[in-house]
1. Test residue 182 against the criterion of being buried (at least 19 other Cβ atoms within 10 Å of the Cβ), among the hydroxyl-bearing types (Ser, Thr, Tyr), more than 17 Å from the chain's Cα centre (by Cα) and under 16 Å from residue 70 (Cβ atoms), and give yes or no.
2. Need the failing condition index for residue 202 against (1) closer than 30 Å to residue 29 by Cβ; (2) crowded, with 17+ Cβ neighbours inside 10 Å; (3) among the hydroxyl-bearing types (Ser, Thr, Tyr), just the number.
3. Going by the structure shown, is residue 64 modelled with pLDDT of 85 or more, surrounded by 13 or more Cβ atoms within 10 Å (Cβ to Cβ) and on the phi > 0 side of the Ramachandran plot?
4. Of all residues being in contact (Cβ under 8 Å) with a residue 40 or more places away in the chain and among the hydroxyl-bearing types (Ser, Thr, Tyr) in region 58-98, which is nearest to residue 46 (Cα to Cα)? Just the residue, please.
5. Testing residue 133 on (1) more than 25 Å from residue 58 (Cβ to Cβ); (2) surrounded by fewer than 16 Cβ atoms within 10 Å (Cβ to Cβ), one condition comes back false. Which one is that?
6. Does region 102-115 contain at least one residue that is among the hydroxyl-bearing types (Ser, Thr, Tyr), surrounded by 11 or more Cβ atoms within 10 Å (Cβ to Cβ) and in contact (Cβ under 8 Å) with a residue 24 or more places away in the chain?
Amino acid sequence: MSAALGVARPGSALGRNRQPASFTLALDTRDAVAASGRVLQVGTMRRFDEGVAFARDFIRAEVGPLFGVKAWYCDSSYRYTMTDALQPLLRRGDAAPRTPGDPTTDRRRYLLLGHGSHLVDMARFLAGDIVAVQARLVERGEIRSWFAACEFTGGASGHLDLTVAVRMDWHEGFQVYGEEGSVLGRMFQPWYLRTSEVEGFSVRTGQYHRPLGADGHFWRRQIEGFAATILDGVPQQGATAEDGLAALRVLDAIERSAATGVRVAVETSG
């Protein structure tokens, strides 16, 4: 985030940032981006999954007012075995630049922010802003599982499940229910570069609709989308600085609710 703040200031290049940071830094970044007129895109790449993009469009065109939203992001205890078979071997040098401090020192917060940012952005991308949560955290050894009941601005109720890590395959997806239809989605371990399996039902047509999504490289697609916004003025599909701040506020509310056991309203000031 500090790097993003630097590139947002006048005289610097454009920037794309990945993880949420402190409120102060997130606010400063948002304000610097707004003042500079530059484009910042937060790297929540699932927005560029063709199945997820289809789901968002289908929800707005066919599903009608929402009343129920479920989304889950469950890392797998076998993830590194999977990625070792997919990714090239990395060589690291002692002089490689690193962010000051160790973000993994507070393991609980590191997992909540690092993984939860994707879950919350997905829920917001599909169903709109989250205004309140009531969360519970269960810890069993190295397993951490947050379940959060949430309220959306349109009146829908929701449930978010963030678990690191389940003793099974990667488990990520969503279910969105509306008055005129529904959408179900299953997402795969990201490094397989496989488009989500998404199916929507429309009361209007009485039919199920399912995209193929032949291009599953959502990391490349998000860079292309970023470039299209900068060069051609295409409306930004990727998460903005404001979206990143909104996700951070929801995660803060989840953290506070899990600690106190009470419903927490998501902050909107600033």
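The values are calculated or read from the model by the stated rules, or taken from the named source; none is laboratory data. Just so it is clear, the model here is predicted, and its values are computed rather than measured. FYI the Cβ positions are ideal-geometry reconstructions off the backbone, even for glycines, and counts take in every protein chain you see.
1. Spelling it out, residue 182 is indeed buried (at least 19 other Cβ atoms within 10 Å of the Cβ), among the hydroxyl-bearing types (Ser, Thr, Tyr), more than 17 Å from the chain's Cα centre (by Cα) and under 16 Å from residue 70 (Cβ atoms).
2. Looking at each condition in turn, residue 202 falls short on (1).
3. yes
4. Top of the filtered list is 73.
5. Going through (1) more than 25 Å from residue 58 (Cβ to Cβ); (2) surrounded by fewer than 16 Cβ atoms within 10 Å (Cβ to Cβ) one by one, residue 133 breaks only (2).
6. No, because not a single residue in region 102-115 is among the hydroxyl-bearing types (Ser, Thr, Tyr), surrounded by 11 or more Cβ atoms within 10 Å (Cβ to Cβ) and in contact (Cβ under 8 Å) with a residue 24 or more places away in the chain.
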